[in-house]
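Contents: one structure, followed by commentary.
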Amino acid sequence: MKPAARRGALVWGVGLLVVVLFGGRWLALETAERVWATSIPGGGAYLVARDFARLVSGLLLVAAVAWATANLLFVYRSIGSMQLSRRLGDLEIVEAVPQPLLLAGTVAIGVVFGFLLTLGTGDWWVYAALASRAPTFGVADPVLHRDVGYYVGQLPWTLRLQQLALLAECTAIVVVVLLYVGIGSLRFRRWLPYANARARAHLGLLLVLLAVTLTWGALLDPAETVAGLNGVLTQRALDLRLPAGPVVALFGAGAAAVSFVWGLRERPVPLVAAWGAWLVASLVGFTVIPGPLPDSAADSTAVGLRDTALAAEQRRLEGLAFGVQAPSERAPPGFASPEAAAAALPVWDGSRIIAAAAAHRALGGGRAIPVAAALAPHQAGDGRPTWIVAFRPAPDSTLSRQPRGWAALHRDVGARAGPPVAAVEEDTLLDFTALPTRDSTSWFGPGFTEFAVAAPDTWPALRQSGIPLTGWWRRTAIAWALQSPALARVETNGLMLLWRRDVVGRLERLAPFAAFDDPVPIVADGALWWVTYGYPLANAFPLARPVDVDGRALRYLRAGLVATVHAASGGTRLYLAPGADSLAAAWARLLAPLVQPLDSLPTALRAQLPYPRRAFRAAAALVQRWRAGPPPSAWAPRPREPFELVAPSGEGLNGAVWTARGFEAGSTLVALVTGGMGPAGPRLYVWRPAPDVRLPHVLLGSVLLGSASTTAPGVERLWNAGGTIFSKQALFLEPAAGGPPSGIDTLFLSWGERRGQGRDPAAAVRDLLATPGGRGPPADTTLGARWRRAQQLAAQADAALAAGDLEAFGRLYRQLQELLGAGRRKLAPAPERR
């Protein structure tokens, strides 16, 4: 074989190998995605959305490549020839670049240029899909009188197209100018451009397109301002910014006309003057410049009235954006007495429950790790607070120092977790008991990151969500997609593949237009379900001021979806959430039948839906912003994070799980914001107790002398008991080196102005009701304060003993024991030493 033929065969072989590798990989991924979609009810809508996303990305890429290549080819046609010089010894040889090679280089650069322009546009299909069927809220903004759906659905897609066009035109102008200057077709004299006819026509067309795009942006600026995308929105900003848009657009139209004329006839002075005028108009109109101050008291009054009207409209639209329409200004349903509140309010929190469950499972030889704990909507039969604790498979490092094989990780115990347990709060401990569920195994949940393989005969429930490993191509494609050759073996034929088992990852794959809360475990109809809320994303909302939620400034946040995943079978469903707005309804129409109506949600699950977590944070922040009185900085959250509790169900509410957050000014409670789920959607209550109620001082932890333990405060919960504020908070005894708490050190109660503390709820209630005024708040729980208190109690006990008052001596001695932590009980008995 000749060398030329050998090189040609090698090139063809390498090309064929590249096609097989990349094409085969793409085909394997496509096959895996489509067979996974068949395991999801309504998965056809997921495939349609996926195809639409690729269509939008492909069209944007083709348009960008065509734009970049066309501009470069226009410059290429202006080049007669290109010569490159090289030196050979003392000789300088000049060689002409072949025209086909120059053309191929131009096209290649254009392709790369267009690809770079479309970086970051992979999720634009979401905006394109929503703009194609924009929601209609039936509510218009008071400034431009457009429906709110325009700002949520159409404006984001329009702005992205305008920004992409602006980026493409600016970069093209820069590249083309540099190329024309390099070949001598464009030069500058006294800052004025002079070019030949071909270069001038090209640049003139680009400048016309740039001016048109800038004019388009100026016309969109009023809508951007109303949507809050141009900074802080005030009445003065509206007065300055709204008239500036049409004026700047007029200057942009003039610049386009002058640029068109310059492209035909060389008139550089009008061109520079027109673009200079546009630049000045943009700086004056769109730069944040303080408006003129009122000249008289009448002007000041007029401005104040207009600001008040704007604030009222902002409050109305903010309520729509965050689902807070009309919070009820009354107390939530309360407990009849402090004794009932002390028995029903939980003390533990989710993180401590998980740590305690992990320690309990480790002592019992368990092979699973707790990942979530949720307060059960129905308490134990005796009224004790009950938590549902769910588990995930333990990683290799927690079970053995030797890594497990493929079968142990994907098929055996390492691929599944046991059933959930109930953590019941006793006096100071937790009692872990089994939950009566019909499923003995969980295959889906948070932290289930590895795929699993199961036999359908052993686990029949997995038939509805598993992917059958049948056929050599399907097994090979899935093995290629998951990078697991073991799946392609004949031994796996007939088994079921469980893929994407993590709840949030599974849901975000199906609904990439929404953000999801951390799922919570719920037991309904004898089965464990993972339930979470989905929040459709929107960056703009008219007149809405941003609210900080989890470190992000958001102008829109509403729970539009409810997602459920069956822990045993993996059955996944998406429903419209109670109180869903037009944006969620628009997505439900786009993804039907993947997103189902609320009526399809099982009654047992709907009755246990809690208040959406992120939505409650936003609602509490709005209440803090809207309330009358001192500036918002004077209101501090108490506690810092919202908390959940089980309390009497209110009128029109589904269950008894409430979410709440208090606010204090100084040490006085100014408001208690509570939320529950009703049939029509989330319901919010704002209670401002009258007369004012002083809250106990903030608890602090301390290090116990002569012990390897510390005390740390738990979650403070506030609620209505007998018409006044009741609070309950524990001081936990925890290892200094970290780990689960070993029990409760002291329990602190308050009821109105009464204060009480004790080793357990019964002792704390007795102390709370011992005297009409109560004990008074513990001023400090640090080690020094506890030592001073112990000295006082010891002196009082010594005096009582000297006086012969044994009853007082016994009471003081018990208080001293509680303060010093004598007789503490453990969470679980320590294993005996051997």
* Asked: If you check Pro327, Pro346, which single one turns out to be closer than 18 Å to Phe616 by Cβ, at pLDDT below 90 and within 29 Å of the chain's Cα centre (by Cα)?
  -> Pro327
* To do: Could you please find all residues in the range 172-186 being assigned to a helix (DSSP H, G or I) and open to solvent by less than 40 Å² (accessible area, probe 1.4 Å)?
  => Ala172, Ile173, Val176, Val177, Tyr180
* Structure fact -> For the range 612-627, pairs from a residue that is at negative phi to a residue that is among the charged types (D, E, K, R) and open to solvent by less than 30 Å² (accessible area, probe 1.4 Å), with Cβ under 6 Å and 6 or more apart or across chains, are Arg613/Asp517
* To do: Consider Ala70 carefully, then state whether it is at pLDDT 75 or above and surrounded by 18 or more Cβ atoms within 10 Å (Cβ to Cβ).
  => no
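Rundown of residues vs (1) open to solvent by 40 Å² or more (accessible area, probe 1.4 Å); (2) out of contact with any Gly (no Cβ under 9 Å at 6 or more places or on another chain), yes/no style:
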position	(1), (2)
Pro460	yes, yes
Gly505	no, yes
Ala511	no, no
Pro519	no, no
Val531	no, yes
* Structure fact -> Picked from the range 268-308 (must be within 37 Å of the chain's Cα centre (by Cα) and open to solvent by 60 Å² or more (accessible area, probe 1.4 Å)), the residue modelled with the highest pLDDT is Leu283
* Exclusive hit being modelled with pLDDT of 85 or more and under 30 Å from Leu209 (Cα atoms), set Arg50, Arg77, Arg34, Arg54 -> Arg54
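Per-residue answers, yes or no, for (1) without any contact (Cβ under 8 Å) to a residue 60 or more places away in the chain; (2) touching a helix residue (DSSP H, G or I) at 6+ places or on another chain (Cβ under 8 Å); (3) under 19 Å from Arg555 (Cα atoms); (4) part of a helix (DSSP H, G or I):
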site	(1), (2), (3), (4)
Trp216	yes, yes, no, yes
Glu224	no, yes, yes, yes
Arg236	no, yes, no, yes
Glu266	no, yes, no, no
* With respect to the numbered conditions (1) surrounded by fewer than 17 Cβ atoms within 10 Å (Cβ to Cβ); (2) over 28 Å from Thr106 (Cβ atoms); (3) small (Gly, Ala, Ser), which one is the sole condition not fulfilled by Gly217? -> (1)
* **Hey, Leu242 open to solvent by 20 Å² or more (accessible area, probe 1.4 Å), modelled with pLDDT of 95 or more, in a helix (DSSP H, G or I) and hydrophobic (A, V, I, L, M, F, W, C) or not** => no
* Would it be correct to say that Leu583 is in contact with a helix residue (DSSP H, G or I) (Cβ under 9 Å, 6 or more places away or on another chain) and free of Cβ contacts under 8 Å to residues at least 40 places away in the same chain? -> no
* Asked: Any residue at all in the range 22-45 that is surrounded by 19 or more Cβ atoms within 10 Å (Cβ to Cβ), among the hydrophobic types (A, V, I, L, M, F, W, C), under 30 Å from Ala201 (Cα atoms) and in contact (Cβ under 8 Å) with a residue 24 or more places away in the chain?
  -> no
* Taking the range 104-148 on its own, how many of its residues are crowded, with 18+ Cβ neighbours inside 10 Å and in a strand (DSSP E or B)? -> 1
* Would you kindly identify the strands (runs of 3 or more DSSP E) lying entirely within the range 683-767 that contain at least 3 residues that are among the hydrophobic types (A, V, I, L, M, F, W, C), touching a residue at least 24 places away in the same chain (Cβ under 8 Å) and over 23 Å from Arg814 (Cα atoms)? => 717-721
* Name the residues in the range 596-613 that are within 16 Å of Val646 (Cα to Cα), touching a Ser or Thr at 6+ places or on another chain (Cβ under 8 Å) and assigned to a loop (DSSP other than H, G, I, E, B), would you? -> Pro610, Tyr611
* **Index of the failed condition, Gln792 passing every other in (1) open to solvent by 70 Å² or more (accessible area, probe 1.4 Å); (2) modelled with pLDDT under 70** => (2)
* **Complete set of residues in the range 552-567 that are open to solvent by 10 Å² or more (accessible area, probe 1.4 Å) and over 17 Å from Ala618 (Cβ atoms)** => His566
* Inspect all residues belonging to the range 152-162 and state whether any of them is loosely packed, with under 15 Cβ neighbours inside 10 Å, in a helix (DSSP H, G or I) and free of Cβ contacts under 8 Å to residues at least 40 places away in the same chain. => no
* Go through (1) within 15 Å of Ala37 (Cα to Cα); (2) of a type in the set (Val, Ile, Thr); (3) under 26 Å from the mean Cα position of the chain (by Cα) and name the single condition Ile478 misses. => (3)
* Asked: Can you tell me how many residues in the range 667-697 are over 21 Å from Ala621 (Cβ atoms) and β-branched (Val, Ile, Thr)?
  -> 1
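The values are calculated or read from the model by the stated rules, or taken from the named source; none is laboratory data. From a predicted model like this one, the values you see are computed outputs, not experimental measurements. Quick reminder, even Gly has a Cβ in these numbers, built from the backbone with ideal geometry, and neighbours come from all protein chains shown. For accessibility, only protein heavy atoms count, side chains too; no ligands or nucleic acids. Shrake-Rupley method; radii C 1.70, N 1.55, O 1.52, S 1.80 Å.
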